[in-house]
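Here is the structure we will look at.
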Amino acid sequence: MEYNRIIYPERAEYLSEQKFQSYKVFLSHWDPLSIKIKNNFEEAHLRRVSKTLIIYGAQSTGKTLLANKLSQDFNTTSTALQAGAFQHYDDANMWHRTVSGFSKDENLIAENTRTTALLHIEDDADWITKAKQFCGSNSGRTVLIIADNCERDYFIQGLLGITDLNFLQIGRTPTLIKSAAQRFVALCRTELRGAMLLMFTNDEGFAQSFEEAVNTQHQGLVEATAMPMPSPRDKETVIRVNTNRLNPFSYWYCLDRAGIDEKKNTFRTLTAGADGYKAAFESVDRAIQLAKPSRIGRPPKKCLITFFVLTDRDCVRDCVDLLGLGSYVRNVNSNSFLDVVTFTENWTSELSFGDQRSRKLLQSEWNLRIVVAGNPFVSALLSGTQRPLIKNLIDATLAYHGPGTHSTTVNKHMDSIDTEIELLTALTPNDNSSFWALGQIRSSKYEGELRCYLPGYSTGQPGFMNYLPDYSTAPYRPCELSASQTDTDSEINETIRRNAIACEFTSIKDLTALPLKAYLDKKLPNYVEIMQEQ
């Protein structure tokens, strides 16, 4: 059973749950803060002085996410070191970013990990007692204390050693903050000396008043700084990638099905600097939730993956039916030499790559096209004497008409393919038996010819990350609302429009469902990764 909602973590604490294990944490927009953390750590580590950084920000800006990420990455590195498994700097590891120096020095990471002890506290009124004990038992190390949600009563109570009842009676007064600051300074000069504290709070007023009260007594002991927020584009990347990683349909699918008002609402939420991740996820959830059961108007134009299959058959008429991939639309008039069909719905149901979620995710944003070319085409391709004809046929098979294209345009295109196929029919085919006998190395034969026909073949196109399809006439561009300069209907719709066309070439001597499905199962995970990584 599926719901017209998206899955997303409402709080960073939930990321430890199984359903959110694939959530990807982005670190780059934290770089200015990483430098501050790094500088504070180095001072505490090298000079054995206490340093404190108070990081404040509204709810859903990533404070707990950062606190947990730093703790988890320290523990992961420490465990790897103890097991002798630590090998290299990892840019996705927040601890590595903090302690690797200016040159991402792996030896420095290892040394700093061995000589550091980390204590993570939250909602514990006895935290001072535990922190003193922890520092005492790790006197030869730099102690890093991470304290989350410091605006809560536990933080001040722990410093002053007062009960819940007494705290309620006194209240959070300036005098109480001053007393807590005095106690904090005394501890940082004695039992907590040499410790670095990272405090996180959603109360800017508390952060600044505590900073002022402490620094009045010990200048430079505490610095309060705002939690950096990502740019609209970076925020959208977080939302898009993690919507795709957690759900069986894509971020684009959610927006495409929504009305223009919900698209605009998402755009405004993404571009509002103060709104956190939760608000952005909620806007996407609202977009898909309020979408009509069936999309009003014509269907959307998805991206297109084409698999161009050469096969050892003189006639390929209705060959696609033997593959059992489901219903399709034929893109050529029926002929013996070249079959072209497009699958638009449920085309992954007979495939086995990945899991069900990732298969459904892929088909939510991509259509599948299969081109089957028999021996007459293979002969012309390998001969090297029919390059204009082969180029025209390949280009024609990759032409992609949107759902709103007039039937006269589609029919005219199909008739033009008939004209090219008639030219192919008039050729005398060569004996391709030696080519088919080559097995896997036959690709070197046809790829050499394809490079002559198709500029950019097997050289890559921008927009596909580290994965390069064999050929692309329109590279993949992520759905990117934040690229809109205004919230006009036309610009909003343009920034989410899909237009990618990728093509993979292969040869299967005996074309049956089994080898073709195996090939698809091998190649299609690359396209899932594209959607889930950018």
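The values are calculated or read from the model by the stated rules, or taken from the named source; none is laboratory data. Keep in mind that what you see is a predicted model, and the values were worked out from it rather than measured. Counting neighbours? That spans all protein chains shown, and the Cβs are built from the backbone with ideal geometry, glycine included.
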Going through segment 50-60 in order, the residues found to be polar (S, T, N, Q) and buried (at least 23 other Cβ atoms within 10 Å of the Cβ) are 50, 52
Among (1) more than 30 Å from residue 521 (Cα to Cα); (2) over 26 Å from the mean Cα position of the chain (by Cα), the one test that residue 315 misses: (1)
When you check residue 240 against the structure, is it buried (at least 17 other Cβ atoms within 10 Å of the Cβ), basic (Lys, Arg) and not assigned by TED's automatic domain parsing to the domain that holds residue 181, yes or no? yes
Failed condition for residue 510, given (1) part of a loop (DSSP other than H, G, I, E, B); (2) within 30 Å of residue 268 (Cα to Cα); (3) at pLDDT 90 or above, with all others met? (2)
Is at least one residue of segment 149-168 within 19 Å of residue 52 (Cα to Cα) and touching a residue at least 60 places away in the same chain (Cβ under 8 Å)? yes
If you check residue 112 against the conditions, is it in contact (Cβ under 8 Å) with a residue 60 or more places away in the chain and not aliphatic (A, V, I, L, M)? yes
Residues 290, 322: which one is of a type in the set (A, V, I, L, M, F, W, C), in contact with a helix residue (DSSP H, G or I) (Cβ under 8 Å, 6 or more places away or on another chain), surrounded by fewer than 15 Cβ atoms within 10 Å (Cβ to Cβ) and free of Cβ contacts under 8 Å to residues at least 60 places away in the same chain? 290
Hey, can you tell me all the residues within segment 203-228 that are out of contact with any helix residue (DSSP H, G or I) (no Cβ under 7 Å at 6 or more places or on another chain) and of a type outside the set (D, E, K, R)? 205, 206, 207, 208, 215, 216, 219, 220, 226
Taking residue 451, is it assigned to a helix (DSSP H, G or I) and of a type in the set (Lys, Arg)? yes
Can you tell me which condition residue 60 does not meet? The list is (1) on the phi < 0 side of the Ramachandran plot; (2) outside any helix (DSSP H, G or I), and all the others hold. (1)
With the requirement that a residue be surrounded by 23 or more Cβ atoms within 10 Å (Cβ to Cβ) and part of a helix (DSSP H, G or I), what does segment 360-377 give you? 361, 362, 363, 365, 376, 377
Which of the residues that make up segment 404-425 are loosely packed, with under 12 Cβ neighbours inside 10 Å and outside any helix (DSSP H, G or I)? 404, 406
Report yes if some residue within segment 519-534 is closer than 22 Å to residue 26 by Cβ, at pLDDT below 90 and not β-branched (Val, Ile, Thr); otherwise report no. yes
Do you know which of the residues in segment 371-430 that are closer than 23 Å to residue 447 by Cβ and among the acidic types (Asp, Glu) is farthest from the chain's Cα centre (by Cα)? 420
Which members of segment 378-403 meet the condition of being surrounded by 13 or more Cβ atoms within 10 Å (Cβ to Cβ) and of a type in the set (Gly, Ala, Ser)? 379, 380, 383, 396, 399, 402
Result of the Cβ filter at 6 Å on segment 255-277, keeping first residues that are under 30 Å from residue 56 (Cα atoms) and surrounded by fewer than 22 Cβ atoms within 10 Å (Cβ to Cβ) and partners that are acidic (Asp, Glu) and modelled with pLDDT under 95, at least 6 apart or interchain, is 264/487
